[in-house]
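These notes are about the structure you will find just below.
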Amino acid sequence: MKARIHVTLKPGVLDPQGKTIAHALGALGFESVEEVRQGKYLELDLKENDPEKARETVDEMCRKLLANTVIENYQVEIEA
Amino acid sequence: MKARIHVTLKPGVLDPQGKTIAHALGALGFESVEEVRQGKYLELDLKENDPEKARETVDEMCRKLLANTVIENYQVEIEA
Amino acid sequence: MQTAVIRFPGTNRENDVVMALQRATGRPPRIIWHKDASLPEVDLIVLPGGFSYGDHLRAGAMAAHSPVMKEVVRQAERGVAILGICNGFQILTEAGLLPGALLRNAGLKFVCRDVHLRIETSGSVFTEGYNAGQLIRVPVAHHDGCYYADDELLGRLRDEDRIAFRYCSNGGGVDERSNPNGSRDEIAGILSASRRILGMMPHPENATEPLQGSTDGCGLFDGLTRALH
Amino acid sequence: MEPRTSCPFRAGDTDVSEITPDIIAEHGLSSDEYAQVEEIMGREPNLVELGIFSVMWSEHCSYKSSKKWLKTLPTDSPHVIQGPGENAGVINLGEGQAAVFKIESHNHPSYIEPYQGAATGVGGILRDVFTMGARPIMNLNALRFGDPRHPKTRHLLAGVVAGIGGYGNCVGIPTVGGEINFHPAYNGNILVNAMTVGLAPSDRIFYSAAAGPGNPVVYVGSKTGRDGIHGATMASAEFGDDSEEKRPTVQVGDPFTEKLLIEACLELMATEAIVAIQDMGAAGLTSSSFEMASKGGVGVELDLERVPMREAGMTPYELMLSESQERMLMVLKPGHEETARKIFEKWDLDFAVIGQLTSSRRMVLRWHGETVGDLPIDPLAEAAPEYDRPYTTSPPRAPLDTASVAESDDPLADLERLVGSPDLCSRRWVWEQYDHLINGDTIRRPGGDAAVVRLPDGQRGLAATTDCTPRYCYAAPVEGGKQAVAESWRNLCAVGAHPMAVTNNLNFGNPEKPEIMGQIVGCIEGMGEACRALDYPVISGNVSLYNETGGQAILPTPVIGGVGLVDDLSGMPSGALPAPDLDVLVIGE
Ligand SMILES: Nc1ncnc2c1ncn2[C@@H]1O[C@H](COP(=O)(O)OP(=O)(O)O)[C@@H](O)[C@H]1O
């Protein structure tokens, strides 16, 4: 199955990349942009058929490695 | 409104980050991981109420700045 | 004094630190490969700079989980001194041996240049070769050196005198303009609660000889040698 | 990953309709060149074979327009250990040490994808140098961008600088020097030239000539993907307006893998296992295997299904033409495979025996036992077309009439304007993004005349610089060529070094135009004259032609990378004015 993971900075943690992108978009004339936040997106292919198990494993991966919970939140979607 | 953008490497383009992450997950004992692909995830806040217009604008942002279509694909979702 | 330098795949500043340790201690450090599950008896373990695992995912994240780090944690519990420089600092935070996190530089660019540091405490084996308030000039070279701590942690670090170095101007003024990476409170290095672990972004090992333009980094290595021998 | 066992193109196929004039044209071969292909093969080639010809005969690999003129450059001197013709040139520094260096362009990819293009350029030149057994000790670069006000310039500049830094910083080689110019002629065609200098024991240089029929041919590094199939032929074709659409994907570099590859290769080089080694640069497996075989006068058999593959369903054609980065090809002494395998596995790199040498002087390609390509090596390499393209000498431009320029009424303001202009202003913004201090041996940092890196003996240093003034080369190619050499010589002298040798990167427009060919001929003549006069031999280099967009050529840009030796670091002069009230002397005319 496939797992899709979004890792985003916690609110309150500075996101200079997002800020710079917002600024650059403004400079290009896109005036409607109010805020940009940048995160990571991961797609995992798993040898696992049980969605419940997959979710548990991926959750553990996130806590152990894929996200740093001091500064980041994560969100997992499992897809057959 | 909000726009969510996923920027991913085109199939076939080397993804050194994904490769290293997959390797590290394997070393941590997560043996079910077959492949990892890493991408970018952006959240935009827009001063714009027309979803059609928002989509058009964001699409243009992607082509102009947010993605390099030589090696990357992008996908846009608009949300009120 | 016996020292060990840990080498991960992608570590690239190990020789710089080897030279500095050799000069200060008169002995070559042991080089330890990341797959080694045991460490020799040493007085100091150094995690050098570089791009372990390419800095992929997050700087230091994957090295923090390599086999040798379990052993480093054990040695830390026994009170062995541990110094993490640059990528080493990132690894120590990812491994939970130091609090906080290191984020992408506020300017988003890699930055390599000399900076001035103010010694904030001489109360550790790492900084007793300096006087509190002393200024030193050493280089930085990093992409992810913006130290992040929430208010609660920041308060604790201050109250417990655990901020080792702050970025400052050549006149000694600690201010945002002298901060190369946007670190909170201009923090360049912090100590663990035990004061036996130091993480720092700047490279004292690249300022140990006149030909390198500064010898201000010697104080750290000489101080350690005196304290730990 | 399961390789597919069927290949659409077979050597034995007699289906003549397969190779159409369109396919030939897509492979960048003229009809004359194709006729020669058929003559050499004695039959119609299949697609795999055609692909190989097209790569080997591209401008990039064959130097077909420049070879005649490159031969006129002085390449000899008592301290030259290896001149042009290998992955990099080698000079003797005495005391058992040798410097290994070369410069290489990555112009077109950097225009399409500035970060990755510049990054992979650095990766490629690093491999050229450590392939010779040298540990890289410094990187330099020479960059040319369009008008600073042009809408694309800022984006290209930022991306290229970040890419050069991103790769070099991660690999851990200090980037200590370089140069940047701006001119509208580069608006649609920037130049990214990267140079690496390495250090090796002078009696342990590794070469690419394969030897010993029966010896195993070994592939190491990253897996092969479908990266930049046909990039080498692309790099030799002029840009069109629709270049962005036409171009295939550019390669993505992986400096982390390169770092592991450097360490693993140097570790293996300390053993006696290697007979020959060659990096797989542009044109990948094709040019590396051909060059090794042709230099050694042997044949090669490859079992292509053994090549480590990144994707399912790859074909022999793709495997031969892929430009995936961070790969090397080696010939080992028999019986040393396991030593080598252990080292590469320690560094988590792919390792595969993919074939062996033969005495047939042919390249035989197999796919699951079936022959899918069979080509003679020498005729293909030797018959690579060589052109004596017609050229016209650029008419000398009249010197500027100084009387026509109004006298300044505020020289100080003029000076400020000059110092603040894009071509003269501080480059600190750039080199602060490069780790120029790593290894602790950088004695002269960027920002001066030449960079100096300390040698392991602690007393001596190696100085390096890159130089060219394209305006001069455009106004008077011969003089401009001389001037570039002279400037590099002066920059080395200014830090107290003895200039020893140069590498060069010849960046020009379309050589099929006589006036461009005239620039090439003129610049090479000037460079040769200056190098001869100074006993400053050319030991390596690179040629990048067809730097044009919409018929608009770049300025002629023959970049010189100079290297010199500082005998005693403690006596090195400084570029800084140490105190007030000192006398200033001007030397020279
Ligand atoms: N302008 C030049 N001057 C001298 N030698 C050159 C020049 N251009 C290329 N060479 C030499 O020709 C050989 C092939 O170069 P190149 O095709 O760039 O190598 P690679 O296979 O690494 O791409 C090298 O030995 C190189 O040093």
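Please treat every number below as a calculation from the coordinates, not as lab data. None of the values given here were measured: they were computed from a predicted structure. Every residue, glycine among them, receives a Cβ derived from its backbone with ideal geometry; neighbour counts consider all protein chains shown.
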#### Entry: Point-charge dipole on Cβ atoms (K/R +1, D/E -1) for chain C, about Cα centre, debye to 20
380
### Message
Nothing charged except the Cβ atoms of Lys and Arg (+1) and of Asp and Glu (-1): what's the magnitude of the dipole of the protein assembly as shown about its Cα centre? Round to the nearest 20 debye.
### Response
2020
### Query
Given labels modelled 7 Å from the Cα in the Cβ direction, how far is it in nm from D:LEU582 to D:ASP568?
1.9
### Query
Listed highest first by mean packing, meaning other Cβ atoms within 10 Å per residue, what order do D:170-183, C:27-40 come in?
D:170-183, C:27-40
### Query
Of all the residues in chain B, which one has the C-beta that comes nearest the axis relating B to A, and what is the distance in Å?
B:TYR41, 2
#### Entry: Sparse-neighbourhood loop sites, GluC sites (Glu not before Pro) in chain B - DSSP loop, at most 13 other Cβ within 10 angstrom
B:GLU31
### Message
Just to check I understand the Karplus step: with θ = phi - 60° and J = 6.51 cos²θ - 1.76 cosθ + 1.60, what whole-Hz values come out for the stretch C:161-175, glycine and proline as x?
### Response
6, 9, 7, 8, 9, 10, 5, 8, 7, 5, x, x, x, 7, 8
#### Entry: Karplus (6.51, -1.76, 1.60) ³J(HN,Hα), θ = phi - 60°, over the stretch A:45-57, in Hz, Gly and Pro reported as x
9, 10, 7, 6, 9, 8, x, 5, 5, 4, 4, 4, 4
### Query
Any idea what the A:ARG63 label distances to the other copies are, label 7 Å down the Cα→Cβ vector, nm, shortest first?
4.6
### Interchain or long-range residues, amide H under 5 Å from B:GLU35's placed H
A:ASP45
### Message
Averaged across B:40-52, how many Cβ atoms of other chains sit within 10 Å of each residue's Cβ atom?
### Response
5
### Task
State the Cα centre-to-centre distance between the stretch C:181-229 and the stretch C:139-167 in whole Å.
14
### Query
Exactly which trypsin sites (Lys or Arg not before Pro) in the stretch D:128-211 are in a DSSP loop and have at most 16 other Cβ atoms within 10 Å?
D:ARG149, D:LYS152, D:ARG204
### Query
Which Cα, out of C:GLY100, C:ASN170, C:THR121, lies furthest along the positive dipole direction of the stretch C:88-229 (beta carbon charges, K/R +1, D/E -1)?
C:ASN170
### Gain upon complete extension [D:HIS150, D:SER30; 0.36 nm per residue less C-alpha separation]
39.6 nm
### Query
Per residue of B:22-28, what is the mean number of Cβ atoms on other protein chains within 10 angstrom of that residue's Cβ?
6
### Query
How high is the FRET efficiency from B:GLU34 to C:ASN170, r the C-beta distance, R0 60 Å, rounded to 0.05?
0.65
## Note on the structure
When the charge dipole of the protein assembly as shown is computed with +1 at the Cβ of Lys and Arg and -1 at the Cβ of Asp and Glu, the Cα pointing farthest to the positive end, of D:THR196, A:ALA27, C:ILE136, is that of C:ILE136
### Query
Which value, in debye to the nearest 20, gives the size of the charge dipole of the stretch D:393-534 about its Cα centre, when Lys and Arg are +1 and Asp and Glu are -1 at the Cβ?
540
### Query
If you count, for each residue, the other Cβ atoms within 10 Å and average over each peptide, how do D:299-310, C:147-158 line up from highest to lowest?
D:299-310, C:147-158
#### Entry: Ordering of C:170-180, C:16-26 by packing [mean C-beta count within 10 Å, highest first]
C:16-26, C:170-180
### Task
Kindly give the distances from A:GLU35 to its copy-mates, label point to label point, with each label point 7 Å from Cα along Cα→Cβ, as nm values to one decimal ordered shortest first.
3.6
### Query
Under 20 Å from the Cα of D:LYS482, which aspartates and glutamates turn up, not counting those fewer than eight places away in the same chain?
D:ASP76, D:GLU179, D:ASP449, D:ASP467, D:GLU515, D:GLU525, D:GLU529, D:ASP535, D:GLU589
### Query
What FRET efficiency comes out for the pair C:ARG113/D:LYS346, r = Cβ-Cβ distance, R0 = 35 Å, nearest 0.05?
0.50
### Query
Given the Cα-Cα distance of D:HIS498 and D:ASP203 and 0.36 nm per residue of separation, how much length would full extension add, in nm?
104.0 nm
### Summary
Diffing the stretch D:378-384: the Karplus 3J(HN,Hα) column from phi (6.51, -1.76, 1.60, θ = phi - 60°), in whole Hz with x for Gly and Pro, holds 5, x, 5, 6, 6, 7, 3
### Task
Work out the FRET efficiency for D:LEU266 and D:GLU338 from their Cβ-Cβ distance, taking R0 = 25 Å, and round it to the nearest 0.05.
0.85
### Task
Calculate the mean, over all residues of peptide C:8-21, of how many other protein chain Cβ atoms lie within 10 angstrom of the residue's Cβ.
4
### Set A:LYS2/A:LYS40; D:LYS67/D:LYS513; D:LYS68/D:LYS102; A:LYS10/A:LYS64; B:LYS10/D:LYS102; A:LYS19/B:LYS53 screened for pairs whose C-alpha atoms are more than 25 Å apart
B:LYS10/D:LYS102
### Message
Placing +1 on the Cβ of each Lys and Arg and -1 on the Cβ of each Asp and Glu in the protein assembly as shown, which of C:MET1, D:ILE354, D:ASN87 has its Cα farthest towards the positive end of the resulting dipole?
### Response
C:MET1
